[in-house]
Amino acid sequence: GAVTPVAIWGPPLLVVSGAGGVSNRHPAWSPTGLQLAYDSNATGLSIDLYTVDVDPALGTVGTPVQRTTINNKAEFKPDYSPDGTKLAFVTNLYGPFSIQVLSLADNTFVGAEANPALVTHDNPSWSSDGLSIYYDAPAGEDSALPQDIWKLDLATQAKCSIHIDLAGDVDVDVSKYANLTADGITYNWFVFVSSAFASSFGAVNIWRGNHTYNCLPPLPMVVDISPTTLNLGSSGNTIQAS
C-alpha cells in the first residue's frame, strides 16, 4: 500500500529573521551542530558576526549574540575552529580583506597572519587539527593574478600556495576528516570552486584537492643502473654509472 513520508525534523525552522531589510548571511555550523555563526547588518551600522544556539531536533532557537561591534567596517564569512572555541572570519578593518581569528570566550580577535600582503584574503576554512587555515588569495600575492588556494600554519606562520591551474580557484572548504599518505603524512581533502576547463565542463565547477602536491618537499629518489657499465660497442662510448 501507499506510504506517507513523515518529516523527521518537522517544518523548516526560522533561525534569524530578515524582516525590515536585515541581511543574514554565511551561516556556519559549530562542531557540535548546536550553534550557528553568521554575519548580519542587523545594527544598521555595519556587518557584524553573530552566534545563535540552535537545536534542530527540539526545534528551539536561542537569542543571537553579537560578537563584533566595529562600525563602518565589515566582519563576515565565519568558520568555526574544530574545537568550537574560535571563529576565523574576513574583515576590511585594515584595508584589503584579511583573515582574523576571534575567541568566542571574550570576543577578542587577532590576525591569522601577522603581516599579510595587501591583497584580498578570503573564504577561510580550518584544517581538521585546528593548526592551519586554508583560504584563497591571488597567486604569488600579486593582485593582478587569479586566485590560488593557500594554507597558513598558524604557529609558524609558514604559508603555501596550492596552485591548481591558471583559472581562479576560490571558496575553499576543508574536510574535517584526516587522511594519511602512504608514508604517514596527515592531510585533509578540500573542495573549491574553479573555472578550470570551462570549455569542457561549463563555466564554474567544484573540484577537489589537497596540500601534499604543492606544500611538501619532493620525495627522495634513487636510480640504480644494472649493469653499472654499459659498452655501446665502439671506442670511447662506454658509460660508467655512479
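The values are calculated or read from the model by the stated rules, or taken from the named source; none is laboratory data. Quantities reported herein were computed from a predicted structural model and do not represent experimental measurements. Note that each Cβ is placed from the backbone with ideal geometry, even for glycine, and that neighbours are counted across all protein chains shown. Each accessible area value is taken on the protein alone, full model and side chains, heavy atoms only, with ligands, DNA and RNA left out. Shrake-Rupley method; radii C 1.70, N 1.55, O 1.52, S 1.80 Å.
What value in Å³ per residue do you get for the convex hull of the alpha-carbon atoms in region 148-214?
Working: hull volume 6.9 nm³, N = 67.
In region 148-214, the Cα hull volume divided by residue count equals 103 Å³.
Using the Cβ atoms and a cut-off under 12 Å, what net charge is assigned to the surroundings of residue 35, where Lys and Arg are +1 and Asp and Glu are -1? Could the numbers behind the result be given before it?
Working: positive: 67; negative: 53, 55.
For residues surrounding residue 35, the net value is -1.
Based on the Cα coordinates of region 35-110, what is the per residue volume of their convex hull in Å³?
Spelled out: Cα convex hull of region 35-110, divided by residues, is 90 Å³.
Taking 8 Å as the Cα distance limit and 6 or more residues as the minimum spacing, I'd like the relative contact order of region 48-172 as a percentage.
Relative contact order of region 48-172: 15 percent.
I need the phi-derived Karplus couplings for region 114-124: 6.51 cos²θ - 1.76 cosθ + 1.60, θ = phi - 60°, integer Hz, Gly and Pro marked x.
Listing the rounded values in order: 5, 9, x, 5, 7, 9, 5, 10, 9, 6, x Hz.
P(r) of region 107-188 in 5 Å steps, Cα pairs, percent per bin?
3, 15, 22, 25, 19, 10, 5, 1, 0
So if we plug the beta-carbon distance of residue 142 and residue 58 into 1/(1 + (r/R0)^6) with R0 = 45 Å, what FRET efficiency do we get, rounded to 0.05?
It comes out at approximately 0.35.
Could you work out the Kirkwood radius for region 1-147, taking every pair of different alpha carbons, averaging 1/r and inverting it, reported in Å?
16.7 Å
Taking all protein chains in place and a 1.4 Å probe, what share, in percent, of the accessible surface of region 4-112 do carbon and sulfur account for? Present the calculation step by step, with values, prior to reporting the outcome.
Numbers: 3440 of 5780 Å².
Roughly 60 percent, rounded to a whole number.
With Cβ to Cβ distances under 15 Å as the rule, what net charge do the other residues near residue 186 carry (K, R +1; D, E -1)?
Net local charge, residue 186 excluded: -1.
Per the helix-only calculation at 222 nm, which mean residue ellipticity applies to the chain, given -39500 (n - 2.57) for every DSSP H run of n ≥ 4 and division by its residues, nearest 500 deg cm²/dmol?
0 deg cm²/dmol
If each residue of separation counts as 0.36 nm, what is the full-extension length gain between residue 163 and residue 185 once their alpha-carbon separation is subtracted?
Extending this stretch completely gives an extra 6.0 nm.
Mean separation of Cα pairs under 8 Å and 6+ residues apart, divided by the residue count of the chain: what relative contact order is that in percent?
9 percent
How many angstrom lie between the C-alpha centres of region 92-106 and region 21-89?
14 Å
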